[in-house]
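Have a look at the structure below before the remarks.
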Amino acid sequence: MGKTIAQKIFETHVAEKPFQDTWVLKLDRVFCHEITTPVAITDLAENGKDRVFDPSKIKAVIDHVTPAKDSKTALQGKILREWAFRNHIKDFFDIGANGVCHAIFPEKGFVRPGFTVIMGDSHTCTHGAFGAFAAGVGTTDLEVGILKGVCSFKEPKTIKFVLNGTLPAGVYAKDVILYIIGKIGVNGATNCVMEFAGPIIDAMSMEARMTVCNMAVEAGATSGICMPDMTTVEYLWPFIKDDFASKEAALAEYATWCSDADAAYERVYTYDLSDLEPLATFGFKPDQVKPIRELAGTKVDQVYIGSCTNGRIEDLREAAKVLAEALSQGKRIAPGVRGILSPATPSIYKKALEEGILATFMDFGFCVTNPTCGACLGMSNGVLAENEVCASTTNRNFNGRMGKGGVVHLMSPASAAATAVAGTITNSSLFKGNVK
């Protein structure tokens, strides 16, 4: 019987199996940020264990509230900063060099096919786009990971999603993952790995695959994962070129991680997405999804473009196309609507500046802010007032997620930009599908 990619990773990383269905895995990476890690740091220090298993395998960033908004968040940053210095953690990204964790860590080449990755953040599943097993964990598991370089998991069960067809113009990875979550529900993949495959995934960029894997947790999954291929190699090549004689050699090695043709799955879902149209959430759960045309006319107070889901350069480019067209027609942001753009990393910010994307957003009327997670979880840089409505490219529409009493509609960057033009939820002009 063949094996899934998750099974292969587990079997090659097992340190011990204390129980039949419990695997203690050796970790290749432990990622840290200033919201969840300081609690672990403080507890370890209070128990005389202020040390790390391997400083080269730990990567840390201040990203959730940056710069600090008050004394409490300043203290959180201070704890992480001083711990990183004490423990000689070279890859620590402080104010000025920092970006959203699940964007900057891949951008730096820290994730490779076959890796095991944990972080005290539920959207760590993003990194599975590289063919890695990546999972968000709680404080205790994070402490053990920092101290010993291991983490325990239940035996992996994998659900496979085969995505056939070709996406219509103006339909994106965000629409794909919203469609899947809408189909299987927020508990549809609980305690499982979501493996994404098929022609649509094969045609996606690494940025798009990260968007899909990022929201696997919204269906209850432990991790999302894609098979490594030449797209993966091309993205990683600046970081791995000294390790392989050629890109083909890298692909040959990475392909050994791919799931076998006769691997057994918990379930297999097959969807043809050739007629998929832009989607958005309604209500307060990520599986409450409708075509945007059914939500058309819904007034919004704010449009937010950014986050670990959709703050990468290709996201900004697609949104900017919509805004540039509107500008050419003499339009500006709709009256009564606030627009906020947060490029996910300094590198993305710089590219957007060089390409004129930031100028397009600013000319249209957006506030361009630094890389930060702040608005996504209602902490800073875009918090909603009670009863305000936001069209957002983030990943959660929970009640009060972006501010107490606020309402969030999740959608793609192109759809969010179109909504900023209209002042109400609407499809972008880039959408060329046939709406039935």
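The values are calculated or read from the model by the stated rules, or taken from the named source; none is laboratory data. Nothing here was measured: the structure is a model prediction, and the numbers come from that model. Note that we place each Cβ from the backbone using ideal geometry, even for glycine, and neighbour counts take in every protein chain shown. Just so you know, the surface numbers come from the protein's heavy atoms only, side chains and all, with ligands and any DNA or RNA stripped out. Shrake-Rupley method; radii C 1.70, N 1.55, O 1.52, S 1.80 Å.
Taking the range 201-225, which residues are open to solvent by 10 Å² or more (accessible area, probe 1.4 Å), among the β-branched types (V, I, T) and in a helix (DSSP H, G or I)?
Passing the criteria: only V217.
For the range 402-434, what are the residues that are under 19 Å from V217 (Cα atoms), in a loop (DSSP other than H, G, I, E, B) and not hydroxyl-bearing (S, T, Y)? Can you show your working first?
Initially, the range 402-434 is screened for residues under 19 Å from V217 (Cα atoms), giving 402, 408-412.
Narrowing the set further to residues that are in a loop (DSSP other than H, G, I, E, B) leaves 402, 411-412.
If the condition is that a residue be under 19 Å from V217 (Cα atoms), in a loop (DSSP other than H, G, I, E, B) and not hydroxyl-bearing (S, T, Y), then M402, M411 are the ones that fit.
How many residues are buried (at least 19 other Cβ atoms within 10 Å of the Cβ) and part of a loop (DSSP other than H, G, I, E, B) if we restrict to the range 92-126?
11
In the range 1-22, which residue that is of a type in the set (S, T, Y) and open to solvent by less than 30 Å² (accessible area, probe 1.4 Å) is farthest from V268 (Cα to Cα)?
T22
Just a yes or no: is a residue in the range 147-159 open to solvent by 10 Å² or more (accessible area, probe 1.4 Å), in a helix (DSSP H, G or I) and under 14 Å from I58 (Cβ atoms)?
Yes, because at least one residue in the range 147-159 is open to solvent by 10 Å² or more (accessible area, probe 1.4 Å), in a helix (DSSP H, G or I) and under 14 Å from I58 (Cβ atoms).
With the requirement that a residue be outside any strand (DSSP E or B) and small (G, A, S), what does the range 265-310 give you? Give the steps one after another, and end with the answer.
Residues of the range 265-310 outside any strand (DSSP E or B): 265-266, 273-278, 282-288, 292-298, 300-301, 307-310.
S274, G283, A296, G297, S307, listed by residue number.
Of the conditions (1) over 25 Å from I95 (Cα atoms); (2) assigned to a helix (DSSP H, G or I), I41 clears all except one; give me its number.
Evaluating I41 over (1) over 25 Å from I95 (Cα atoms); (2) assigned to a helix (DSSP H, G or I) leaves (1) as the failure.
For the range 50-82, which residues satisfy the criterion of being over 14 Å from I35 (Cα atoms) and not in a loop (DSSP other than H, G, I, E, B)?
Matches in the range 50-82: P55, S56, K57, I58, K59, E82.
Look through N387, N399, N381 and report the one residue that is part of a loop (DSSP other than H, G, I, E, B), within 11 Å of Y304 (Cβ to Cβ) and in the same structural domain as S347 (by the TED database).
N381
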